[in-house]
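Working notes, beginning with the structure itself.
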Amino acid sequence: MDPVSEFKSKSGLKRIYTAFFYSIDGFRSAWRNEHAFRQEVGVFAVGAIIALLLKVSAFEKLVLIGVLLLILIVELINSSIEAVVDRVSLERHPLSKNAKDFGSAAVLLTCLLAIATWSVVLYNRFI
C-alpha cells in the first residue's frame with residue numbers, strides 16, 4: 001500500500017480547484033453534523049455585523065472579525081480530531097479522551113481570547 005494519497009499527485013491550478021471543493025464539502029459537513037459549529041457561525045455572523053457597525057478603526061474591525069473567524073477555524077480542527085478519534089475506535093480510552101479534551105480546550109481558549117479582544121476594543125471605544 002502506497003503511503004501517499006493519490007490526490008497528492010495533482011498540482012497547480014487543478015490541485016487548488018479540487019482542494020476548494022473539498023473545503024466546501026468540509027464546511028457542509030461541519031454545518032450538518034456539528035451543532036457547536038452552527039452556533040459559532042451564528043455568533044460570527046452577529047459579531048461581524050456589530051464589528052462593521054462600530055465606530056472603530058479598520059484595523060480594530062479586522063481584529064474583531066478575525067478573532068471570531070479564529071473560533072470557527074479552531075472548531076473545525078477540533079471536529080477533525082474528534083472525527084479521527086471516533087474513526088479509529090468508538091471504545092472509551094484515556095488517550096481518546098485526552099485528544100478530544102485537548103481539542104475542546106483549544107476552542108475554549110480561543111473563545112476566551114475573543115472575549116478578551118472584544119472587551120479591550122469596546123472598553124477603549126466606550127470607556
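The values are calculated or read from the model by the stated rules, or taken from the named source; none is laboratory data. Every value quoted in this text rests on a predicted model; they were computed, and no experiment measured them. Please note: Cβ atoms are built from the backbone with ideal geometry, for glycine as well, and neighbour counts cover all protein chains shown.
For Ser119, state whether it is part of a helix (DSSP H, G or I), surrounded by 12 or more Cβ atoms within 10 Å (Cβ to Cβ) and among the polar types (S, T, N, Q). No: the conditions fail for Ser119. Pairs are defined by a Cβ separation below 9 Å, a sequence spacing of at least 6 or placement on different chains, a first member in the stretch 9-24 that is over 24 Å from Ile73 (Cα atoms), and a second member that is of a type in the set (S, T, N, Q) and surrounded by 10 or more Cβ atoms within 10 Å (Cβ to Cβ); the pairs so defined are Lys10/Thr18. From the list Val84, Val120, Val43, the one residue that fits, being farther than 29 Å from Ile24 by Cβ and of a type in the set (Val, Ile, Thr), is Val120.
Identify, please: which residue in the stretch 39-88 is in contact with a Gly (Cβ under 8 Å, 6 or more places away or on another chain) and within 25 Å of Phe126 (Cβ to Cβ) and is, among those, surrounded by the most Cβ atoms within 10 Å (Cβ to Cβ)? Only one residue tops the list, namely Leu68. For the stretch 56-63, check the following and say yes or no: at least one residue is within 24 Å of Trp31 (Cα to Cα), among the β-branched types (Val, Ile, Thr) and modelled with pLDDT of 95 or more. So far as the stretch 56-63 goes, no, none of its residues is within 24 Å of Trp31 (Cα to Cα), among the β-branched types (Val, Ile, Thr) and modelled with pLDDT of 95 or more.
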